[in-house]
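Please treat every number below as a calculation from the coordinates, not as lab data. The structure displayed is predicted, hence computed values, not measured ones. No Cβ is skipped: glycine too gets one built from the backbone with ideal geometry, and neighbour counts run over all protein chains shown.
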């Protein structure tokens, strides 16, 4: 990871990169496009995508794959190609920032492989979910997938030092859970990105604020899951990702006794309207799914602000990367929903516009 040798990253003004990014942003699907797809069959959606900015990837991969496999690989390849294009049009300062952000895709891919191994999922299904949009290439990730054990995967991951994962591996062996490992991966990524954000100039202030809020929401979700399992308060605290002053409030939330009290605390925050429906579902059937979904959707909507403020600054590039992630997520939800025969209304509730 980055060694911070300078007080502030020199980003400067790069109108060419920002304008090119704005053009890429203009290709992203809009609300009307998603509504059209919701009314289509799977084959119609595939044709719709082939006529869109996913055309090149679908055509290139069409000789090797078909059906849902083709769409999955095309989505992943398009995401990787989009991030690679950003790197090509960006000068060194911006490129460094893009690479630091994109490490989250490496972390996601490593988690995908770990979960696949843990649940003995078919390798083909795991490969379909790998984006290879970060620093780790598809071939390397494929080789990780073929590694015999989870411990060996982690020893060879190339991103997070193995020494930071040993407590998580201990939890895996003793409690048969990946929670500790996944938390260690997240904690490494976000703590380093938070540290890196300190050298961003004033133009990146919006991104710093978004990043802090993202870590806060991840901490809230972690606390909710762990509170539900009745884990000891002090044990819960080791799963919290540091996030500055907001982090101090999260530490206090770890001391809350139960989820009902937890909900009352959150109702006095900016998340009041976001968490109401989710906590109602939890009271009725013990499920946290709606609560997690609503918080996640709130976070993604917040990220869209990066695209619409400070259009000639680094925020537009980071905003595009977040928006591209949202598009891929939306398309996966629609495609999977169509395959499972889910109701249009149910699928739409999971989407972020």
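Cα centroid separation, region 178-245 to region 91-140: 19 Å. The calculated FRET efficiency for the pair residue 277 and residue 122, based on their C-beta separation and a Förster distance of 35 Å, comes to about 0.50.
Here the extension length gained between residue 149 and residue 135 equals 2.8 nm, from 0.36 nm per residue of separation less the Cα-Cα distance. Shown here are the Rg and Dmax of the Cα trace of region 1-144, at 17.6, 54 Å. Distance between the modelled labels on residue 304 and residue 340, one decimal in nanometres: 2.3 nm (7 Å Cα→Cβ projection). Remark on region 62-158: ratio of C-alpha radius of gyration to 2.2 N^0.38 Å is 1.14. Stretching the chain fully between residue 264 and residue 87 yields a gain of 59.3 nm (0.36 nm per residue, less the alpha carbon separation).
The packing ranking, built from the mean of other Cβ atoms within 10 Å per residue, places the peptides 151-161, 251-261 in the order 151-161, 251-261, highest first. For the chain, the 222 nm mean residue ellipticity estimated from helices alone, with every DSSP H stretch of n ≥ 4 adding -39500 (n - 2.57) and the total spread over all residues, rounds to -22500 deg cm²/dmol.
Taking R0 as 22 Å, what's the FRET efficiency between residue 238 and residue 198 from their Cβ-Cβ distance, rounded to 0.05? Efficiency, rounded to the nearest 0.05: 0.40. One chain, two ends: residue 66 and residue 96. Fully extended at 0.36 nm per residue, the span grows by 7.2 nm beyond their Cα-Cα distance.
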